[in-house]
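The structure under discussion appears below in the form of structure tokens.
The values are calculated or read from the model by the stated rules, or taken from the named source; none is laboratory data. Everything quoted here is computed from the prediction, not taken from an experiment. A quick note on method: Cβ atoms are made from the backbone with ideal geometry, for glycine too, and the neighbour counts reach across all protein chains shown.
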Amino acid sequence: MKRTFVIIMSLILVVGLPACGQDAESTGELEQQIEESEIENRESEQQGEEETENDESEQQGEESETENDESEQQGDESEELIENTETSGKCGENIIWYYKNEVLYITGTGEMEDYEDIGYMSDLDGWYYIEEVTTPWYWRNLYEKIDEIIIDEGVTSIGDWSFYGCSSLREITIPDSVTVIGECAFRECSGLTEITIPDSVTSIGDDAFLDCSSLEEIMIPDSVTSIDGGAFAGCSSLREITIPDSVTSISYGIFARCSSLTEITVPGSITSIGAYAFYGCSNLTEITIPDSVTSISYGAFYGCSSLREITIPDSVTSIVEDDILGINENIFDSCSDLTVYYSGNALDEYINSHQDVWDSNHITWIKQ
């Protein structure tokens, strides 16, 4: 209404008001001019709106083209990462790896591939010798150059033998998406001094950190429910470790040859201590075995030469010896000057069967 009034007033100023008694024809011409003026204004506004829509459409088109360009650029970068087969490639169905400036990057989603070792059994000494593993960075001779490993969020497992022999490795980032650390995953990473295992990890495989001789500290989160045999064997610089309550058994040789380990507390969740569990822990002076433990296997404390006193609770009703393999090493083999406290009659037969060994090594069993 306001716009129509303005238009009418403009026309009145231009053509003047009709005189009294002006005929109907003049009045009709005036109305026609007003209508034509309104039509012109509406057309002008409509053109303006169309131009705005065209501008927005062009802007959206430009944004779409930019997004497509960025997507194409990311695709080109991913293709570029795996173009150089000497420093990049796939290490899982949806995972790629690339090596740059002494850093190994693992990126993608899902599980890493599990790898294998290639070796031979010696006829001379009966030992198995590893010649190489099947990881791509191993047979491209990059493994000894890797100083750092960065695993991106989205990777859910560290495959078997993944980083075996990365002797220059000093630092590693494991994301919260990882749930499994595979067999021999960090075996012989002799330069690794510390590692943080995220709360997402539930299992640690056999020999996962075997012979990580510089590893001084490691935190095992409560999320871990299983630690397989030899997981930390040969970690000769490891001084302290906490076994979480979520773990129910101490596996075969799990801390074997951890010669710097001075004390360890076995949590109340543990029901069994495996063979050679603390083999060669020559500086171990203190260990507490909880009432939850019911069995201890052969050679469990073999070579714990600094251990002077230990109490075996009456919950332990079995000290296992392996007749199938002909292994008859007592749980305190190569220990000396040791006093063992125990209660009940369940171990009497075992103790009496090794009396000569106890006497020769000055090991005294005292029933409480």
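Worth pointing out:
- Ile146, sole failed condition from (1) more than 28 Å from Phe278 (Cβ to Cβ); (2) within 17 Å of the chain's Cα centre (by Cα): (2)
- Given (1) modelled with pLDDT of 95 or more; (2) within 20 Å of Met219 (Cβ to Cβ), number of the condition Arg257 does not satisfy: (2)
- Total residues in the range 230-250 satisfying the condition of being crowded, with 22+ Cβ neighbours inside 10 Å and either among the hydroxyl-bearing types (Ser, Thr, Tyr) or out of contact with any strand residue (DSSP E or B) (no Cβ under 6 Å at 6 or more places or on another chain) (or both): the figure is 6.
- Strands (runs of 3 or more DSSP E) wholly inside the range 143-236 that include at least 1 residues being under 26 Å from Glu263 (Cα atoms): 194-196, 217-219
- When residues of the range 327-337 are limited to those that are under 41 Å from the mean Cα position of the chain (by Cα) and not aromatic (Phe, Trp, Tyr), the one surrounded by the most Cβ atoms within 10 Å (Cβ to Cβ): Ile331
- Residue match in the range 150-161 (condition: within 26 Å of Glu194 (Cβ to Cβ), out of contact with any Gly (no Cβ under 6 Å at 6 or more places or on another chain) and at pLDDT below 95): no
- Test: residue in the range 88-111 that is under 18 Å from the mean Cα position of the chain (by Cα), crowded, with 19+ Cβ neighbours inside 10 Å and in a loop (DSSP other than H, G, I, E, B): no
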